[in-house]
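Working notes for the structure below.
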Amino acid sequence: MKLQLKLLGAMLLILSGVIMTGCGGGETVVAKGTVNGRVVSAEGGAGIAGAGVIVGGKPGVTDPAGYYAITHVPLGPQAVVVTAAGYTQPGGPVLVQINPGDNYIPNIVLVPTGGEPPDEP
């Protein structure tokens, strides 16, 4: 009986050590970035409200002036996909490099459906 209690105590001690190892300092922390930008119309450059923006699988929506901020975006090259009713994203998704901290993406220009993209200078 005493031997069984000693074995049980030893097993509990080992298990508590295994459980404690899994909690705390041993976890890997993955760095993420925050993406800020604006979605605008090719006709006049006004911001597009309510546009859906996805960066690295993280979704966001533009505010009434067309600005968005998406947090916890994985680092590295990521595609920026934008959708808005009545608009199309010419050329498809934009590829950007996400670094730790804040990342600003220049304006993403959408073309009204049925419209032509502006001429390149």
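Bear in mind that the values in this text are calculations on the coordinates, not laboratory data. As the structure is a prediction and not an experimental result, all values here were calculated from the model.
Regarding the range 32-112, what's the average projected area of the Cα-atom convex hull, expressed in nm²?
Computed as one quarter of the Cα hull surface, the answer is 4.4 nm².
Just to be sure I understand: of the beta bridges DSSP finds with both ends in the range 32-112, what percent are antiparallel, rounded to 5?
75 percent
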